[in-house]
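Take a look at the structure below.
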Amino acid sequence: MRGDQERPGEDRDVAARDHLAIGLFVMAVVTALGGIWPADPFSPAQWWLVVSAVDVVLCGLLLALPVHQRSTQAVVIAGVVVSAVLVTSCHTAQGVVVFALGFVVAGQFAAYALERRRAAVVAGVVVAAIALSATFAPASVHPVIVVAASTMALLSCWLMAQQSERLRRQARTDHLTGALNRGAFYERVADLVPRALRSGAPLSVVAFDIDDFKVVNARHGHLGADDLMAALSAAWRAALPPRAVLGRVGGDEFLAVLPGVGEAEARRWASSAASGQALSSSAGVATLLPDDGVRSLLDRADADLFAAKDARRTLAGNL
C-alpha cells in the first residue's frame, strides 16, 4: 500500500528556484548589454555593469542556498531592490518603463511560485520600486505612467496568484472525494510528523478502508458507488479535528492524520466519523512513537487496519 512518498511541494520549489536562476542570468546579460551599449550618453555605464554582476551573484547564491520559499522570496526582493537603485540613474523615460515591466514580471513570478502571503510581500516591494525609482530618476516620467505601471503590476500579480492557487488546489485534491490526493497527503504527513517529534505533541494516523467495495460496485454500479464514497469522505472531512487532514491514497483507501490527538481519542473519532453512513468501513489507528518515522507510522496504521478487517470477517463468519 505504501510506496516512496512523493514531495510535490518540494519539486515545485526546486522548479521555481531553477526558473528564477535562469531569469536572473538573463537579466544579468541584458543589464550588462545596457552598460556596454548605453541608450543615453549620460548613462552611468559602470553601474549597469555592477548591477549585472550583482544579478550573477544572486543567481549563484540562489543555487547554493537550500531550496525553500523563504530564500526564493529573499532573492526576488533583492533583485528588485538592486534594479530599482539602478533605475534612479536612468536619464530616459524608456529606461524607466523597461525596468518597470521587469518589476511586473518579477511580481508575476512571485505570484506563480510563492505562497500567497510571500507573493503579496513581493508585490508590495514591486509597486514601491516602480514608484520610488521613477520619482528619483533624472528622467522625466509622467505620473500617469507610474500609476499605470503600478496598477498593471498589482492586477497581473493578483490574476496570476488566483490562477496558480486554483491549479495547485486541483493538483492537490482528489476530484471525486475532495480529500487530498496521494502525493499531497504524503507531503503534509512528512511535514507534520517531524514537527510533532520535535515538540513532543501527540499525533495519530487513522487508516480507513471501505468494506467489501467490490460488492458495493456490483450492487450500485460504479457511478453509484462513487457517489456513496464521496458522501462518506465528506462526512469524514466534516468530522476532522482542527489541523487534521484526510487523504485518498488508493481506490477505496483513505488516511487521516490527526495532530494533537492520542490513540484513544483517535479511535473514538474514527468510530464516530464512520457511524451512521451508507457504506461501512474499517479503521486502523497508529500513534506516533519517539523512534517513529513517517513510513513506520503509516505501516503500523496499515497493520492495525488489516487486523480490524480480519476481526470483522471472523465475526461475520461466526454469525
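The values are calculated or read from the model by the stated rules, or taken from the named source; none is laboratory data. The model shown is predicted, which means the values in this text are computed figures rather than measured ones. Backbone-built Cβ (ideal geometry, glycine too); neighbour counts: all protein chains shown.
When each of Ala171, Ala139 is tested for being more than 15 Å from Gly102 (Cα to Cα) and in contact with a Cys (Cβ under 8 Å, 6 or more places away or on another chain), the lone residue that passes is Ala139. I'd like to check something: does the stretch 69-77 contain any residue that is surrounded by 15 or more Cβ atoms within 10 Å (Cβ to Cβ), modelled with pLDDT of 85 or more and of a type in the set (Gly, Ala, Ser)? Among the residues of the stretch 69-77, at least one is surrounded by 15 or more Cβ atoms within 10 Å (Cβ to Cβ), modelled with pLDDT of 85 or more and of a type in the set (Gly, Ala, Ser), which makes the answer yes.
Going through Leu58, Leu132 one at a time, which residue ends up being over 23 Å from Pro41 (Cα atoms), modelled with pLDDT of 90 or more, surrounded by fewer than 18 Cβ atoms within 10 Å (Cβ to Cβ) and in contact with a helix residue (DSSP H, G or I) (Cβ under 8 Å, 6 or more places away or on another chain)? Break it down into steps so the answer makes sense when it comes.
Values: Leu58 fails: surrounded by fewer than 18 Cβ atoms within 10 Å (Cβ to Cβ).
Just one listed residue meets the conditions, Leu132.
If you go through the stretch 170-182 and pick out every residue that is within 14 Å of the chain's Cα centre (by Cα) and free of Cβ contacts under 8 Å to residues at least 60 places away in the same chain, you end up with 2.
For beta carbons closer than 6 Å, sequence separation of 6+ or different chains, a first residue in the stretch 45-69 that is over 25 Å from Arg118 (Cα atoms) and a second that is among the β-branched types (Val, Ile, Thr) and outside any loop (DSSP other than H, G, I, E, B), the qualifying pairs are Trp48/Thr31; Ser52/Thr31. Here Leu232, Leu223, Leu297 are screened, and the one residue that is buried (at least 20 other Cβ atoms within 10 Å of the Cβ), more than 26 Å from Ala201 (Cβ to Cβ) and either out of contact with any Phe, Trp or Tyr (no Cβ under 8 Å at 6 or more places or on another chain) or not assigned by TED's automatic domain parsing to the domain that holds Ala207 (or both) is Leu232. Restricting Leu101, Leu114 to those that are touching a residue at least 60 places away in the same chain (Cβ under 8 Å), among the aliphatic types (A, V, I, L, M) and under 19 Å from His19 (Cα atoms) reduces the list to Leu114.
Taking the conditions exactly as written (surrounded by fewer than 19 Cβ atoms within 10 Å (Cβ to Cβ), assigned to a helix (DSSP H, G or I), out of contact with any Lys or Arg (no Cβ under 6 Å at 6 or more places or on another chain) and assigned by TED's automatic domain parsing to the domain that holds Ala303), does Arg195 satisfy them or not? So Arg195 fits the description; yes.
So that you can scan it fast, the table gives a plain yes or no per residue for (1) within 17 Å of Asp13 (Cβ to Cβ); (2) in a helix (DSSP H, G or I); (3) in the same structural domain as Ala161 (by TED's automatic domain parsing):
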residue	(1), (2), (3)
Val26	no, yes, yes
Thr31	no, yes, yes
Trp47	no, yes, yes
Val54	no, yes, yes
Ser89	no, no, yes
Phe103	no, yes, yes
Ala119	yes, yes, yes
Ala123	no, yes, yes
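Any residue that is exposed (fewer than 15 other Cβ atoms within 10 Å of the Cβ), without any contact (Cβ under 8 Å) to a residue 60 or more places away in the chain, among the aromatic types (Phe, Trp, Tyr) and not assigned by TED's automatic domain parsing to the domain that holds Glu187 - is there at least one of those in the stretch 148-169? No, the stretch 148-169 contains no residue that is exposed (fewer than 15 other Cβ atoms within 10 Å of the Cβ), without any contact (Cβ under 8 Å) to a residue 60 or more places away in the chain, among the aromatic types (Phe, Trp, Tyr) and not assigned by TED's automatic domain parsing to the domain that holds Glu187.
Is it fair to say Ser204 is within 24 Å of Glu265 (Cβ to Cβ), assigned to a helix (DSSP H, G or I), touching a Ser or Thr at 6+ places or on another chain (Cβ under 6 Å) and not assigned by TED's automatic domain parsing to the domain that holds Ala100? Against the criterion (within 24 Å of Glu265 (Cβ to Cβ), assigned to a helix (DSSP H, G or I), touching a Ser or Thr at 6+ places or on another chain (Cβ under 6 Å) and not assigned by TED's automatic domain parsing to the domain that holds Ala100), Ser204 does not qualify.
Just one of (1) charged (D, E, K, R); (2) farther than 22 Å from Arg268 by Cα; (3) within 24 Å of the chain's Cα centre (by Cα) fails for Arg219. It is (3).
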